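As structure tokens, the structure follows; a few thoughts come after it.
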Amino acid sequence: MSITFNNRGHDGHLLVTLDAPITRLQCKASIEFKADTRLEKFGRSGVNYIVIVLCISSVFLCCRAIYRAQQLKWEIIIFFKTMRNCEMTTNDKLKFVNFWYVLIITNDILIVFGSVLKETIENKQLTGDAWNFCSLLLGIGNLFMWMGVLRYLGFFRRYNILVLTLKHHTLDDIGMLICDSQRRRLLTSSDSILLWCFGRLYLYTFCVLFAYVVISLFVALILDAYEVIKIYYTTGFPKSLLEEFMNGA
């Protein structure tokens, strides 16, 4: 066991870290607390196995759909090259990749690993931090699963414009958040006293201006995407080469 007192920040806050390695000792006495019946244990194991089987089936079906879409994409690419002597754009090629299926595959894989780990822990083959890792896998998997539910809102005319708006401005929001987090990480992880002072000044200024600048930027991005989608709904969406081909133009 080790206790670490960290004062590297020199900001009046002393961080205390306790590192206690887990050691499993075998006891010869009967110390097991049997509160669950055999039926409850089989019930939990049955639920875990059902979840694993369903998730594996979902992964297989989604992978098959993506694979067949890629086969169709290559056939259409060859058709455009030979019959129309033109290349498909990147946006047209991406239309053959259903990113909702990619999200479903990701959350199914996380839930499968989390369920396997949960079953292993319940059989007392793993202890310690395994519960934390299991909870992380199942939590992220369920988060992605609920995010995947948003795709069904696109089937309703009232909510379809909301889904299209979120889809249109998501990349801009993610890029802004990643760039800002990288800049703040560089400012706060340096050993230079000048950068340390500037980093503190930047963080305090950032916190003060966050409500006005960042939230206003989010609102501007969302409203801009909303106006674009609204115009498309009234005047019609611009048709790509693939859509013109599908419409028989």
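Within the range 51-95, the residues that satisfy the criterion of being touching a residue at least 12 places away in the same chain (Cβ under 8 Å) and of a type in the set (Gly, Ala, Ser) are 58, 65, 69. Which ones in the range 46-60 are hydrophobic (A, V, I, L, M, F, W, C) and either within 14 Å of residue 107 (Cβ to Cβ) or in contact with a Pro (Cβ under 9 Å, 6 or more places away or on another chain) (or both)? Matches in the range 46-60: 51, 52, 54, 55, 56, 59. Considering 136, 94, 153, 143, the condition of being of a type in the set (A, V, I, L, M) and either surrounded by 17 or more Cβ atoms within 10 Å (Cβ to Cβ) or at pLDDT below 70 (or both) is satisfied by 153 alone. Looking only at residues of the range 72-131 that are of a type in the set (Asp, Glu) and out of contact with any helix residue (DSSP H, G or I) (no Cβ under 8 Å at 6 or more places or on another chain), we find that the one that is farthest from residue 20 (Cα to Cα) is 75. Condition check for residue 127 on (1) at pLDDT below 90; (2) assigned to a helix (DSSP H, G or I): one failure, at (2).
The values are calculated or read from the model by the stated rules, or taken from the named source; none is laboratory data. Since the model is a prediction, treat every value here as computed from it, not as a measurement. Neighbour counts run over all protein chains shown; Cβ positions are idealised from the backbone, glycine included.
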